[in-house]
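Beneath this line is the structure, given in structure tokens, with notes to follow.
The values are calculated or read from the model by the stated rules, or taken from the named source; none is laboratory data. Quick caveat: nothing in here was measured; it's all calculated off a predicted structure. Positions of Cβ are generated from backbone atoms using ideal geometry, with glycine treated the same way; all protein chains shown enter the neighbour counts.
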Amino acid sequence: MGTYTDFTVAGFTVVSSKSAVVPELMTVFRESDRKQYRRHLESGATLAGEELDAAHTDDIEDVVEYSCQVAKAIDRLNIMGFTLGRAKRDFDIGRSYEIEKYESWMEDDPSHETWTDELQFLRSLSFDQYLEALRTVVIEKIYSYSVDGKKRDFISPVQKYIVEGSDEYLFGFFAEDVRCLVRAVCEVAARDQLVSQDVSELVSGGYYGPDTEVCNEAIQALVAGHPENSKQIILTEGSTDASILRRALNLLYPHLSDYYSFLDFESTRSPGGAGHLVSLIKAFSATGITNKVIALFDNDTAAADARRSLAAVSLPRNISIRAYPNLAVLRNYPTLGPSGNTELDVNGLAASIELYLGRDVLTQDEGGLTPVQWKGYNETLGQYQGEVMRKAQLHHAFDRKADAALANSALLAAGDWSGLSAIAQAIFTAFDDEA
């Protein structure tokens with residue numbers, strides 16, 4: 001007969017699959033989301049310690065599941081491109097297709113009342129109406145039949161449409177990828193609830209081994225046929241940028257960090273600099289690589305000059321060019337030049353990764369911020385190139401700050417991570433134009 005596994009959001013079963021997980025759904029998780037524990041069969045309560053010792057063997061079950069909070073699942077779906085905007089777009093496109101289908105059928109047989117009713121319903125159905133009805137269905141866990149086996153009575157036609165679904169569309173949601181439906185369900189669920197894939201029965205039934213990395217295995221199989229599901233590649237101007245951003249993502253957004261991969265400058269002995277980053281972008285474009293690629297430039301004169309050569313290059317949609325964002329703190333930043341110390345706006349002129357490490361790193365022993373020193377003048381752009389002083393000291397200070405935050409989460413909350421968070425948001429939204 002086979003064994004089933006459920007993918008749930010806030011306790012509501014969205015997808016039930018037989019003998020195996022659905023690979024696309026497992027992209028919402030990472031292997032770090034795997035949990036193993038024991039629970040009481042009747043109550044579902046987790047058992048540990050004395051409770052476990054006191055329970056009868058027949059009353060407990062071993063649980064293997066992958067789960068994360070709805071809020072984290074939304075973040076992950078967004079960076080994979082399954083935004084609410086995309087869900088709405090797919091829904092509207094699918095609804096238009098269905099309307100055209102029924103209209104075509106009506107031309108052949110205008111007397112068919114069922115088609116007339118379906119057509120009228122679809123014409124009146126909006127994405128917002130669907131979401132509002134879905135909210136009630138998910139929160140109240142409304143299925144076709146109640147627990148006592150009786151057919152449900154529905155409050156609204158839209159709820160009835162969602163619960164009964166169709167042979168072609170799960171929950172009546174028009175989408176080519178099931179993750180658009182999941183994104184819609186997550187939107188109406190409480191952010192602190194869980195998105196879960198319980199594989200306990202599959203493990204006990206022998207479909208997966210007790211130590212099988214189900215998530216990794218499913219994603220690897222998916223990536224083999226569809227490389228666009230693999231990690232997004234981040235290209236930076238140098239190894240220091242990559243190292244700092246990798247640490248920042250791991251500390252600030254651990255639930256998202258595994259969705260990205262950085263170019264390994266050290267093992268490839270790749271040179272750094274804005275000019276080399278431009279060369280990398282052109283090379284990646286020419287290879288036809290299907291991974292999403294995010295190229296991150298410094299926010300300075302050298303980067304702006306180097307990027308000019310990309311203006312004539314037609315880049316594929318899977319390559320996104322971004323610069324470190326402007327920061328308010330850099331609008332009046334201490335600089336050192338021929339005319340002495342002056343506070344100037346260094347956004348676009350001297351904002352390398354070091355200026356995003358936080359005030360706690362940039363502040364010197366005497367209390368002032370580490371200044372930017374002006375270097376050469378770029379005649380083409382008509383602006384100077386600046387560089388923050390004492391870079392090595394700033395790197396060491398950041399390492400100490402990151403090490404301390406890793407050891408003590410309270411220090412993570414107390415530190416200034418606003419600059420690196422701003423860069424992270426630029427990474428997360430790099431492909432938002434596609435939504």
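Each residue in the range 344-378 was checked for being part of a strand (DSSP E or B) and over 19 Å from residue 422 (Cα atoms), and 10 pass. Take the conditions (1) on the phi < 0 side of the Ramachandran plot; (2) part of a loop (DSSP other than H, G, I, E, B); (3) over 35 Å from the mean Cα position of the chain (by Cα); residue 430 misses just one of them, which is (3). May I ask you to say which residue of 345, 403 is acidic (Asp, Glu), in the same structural domain as residue 260 (by TED's automatic domain parsing) and out of contact with any strand residue (DSSP E or B) (no Cβ under 8 Å at 6 or more places or on another chain)? Within the list 345, 403, the selection yields 403.
Are any residues in the range 347-370 surrounded by 21 or more Cβ atoms within 10 Å (Cβ to Cβ), of a type in the set (Asp, Glu) and over 28 Å from the mean Cα position of the chain (by Cα), and if so, which ones? Within the range 347-370, none qualify. None of 304, 311 is surrounded by 16 or more Cβ atoms within 10 Å (Cβ to Cβ), on the phi < 0 side of the Ramachandran plot and over 27 Å from the mean Cα position of the chain (by Cα) except 304.
Of the residues 381, 336, only one is over 20 Å from residue 239 (Cβ atoms), in a strand (DSSP E or B) and assigned by TED's automatic domain parsing to the domain that holds residue 418; which?
Working: 381 fails: in a strand (DSSP E or B).
Testing whether each residue is over 20 Å from residue 239 (Cβ atoms), in a strand (DSSP E or B) and assigned by TED's automatic domain parsing to the domain that holds residue 418 leaves just 336.
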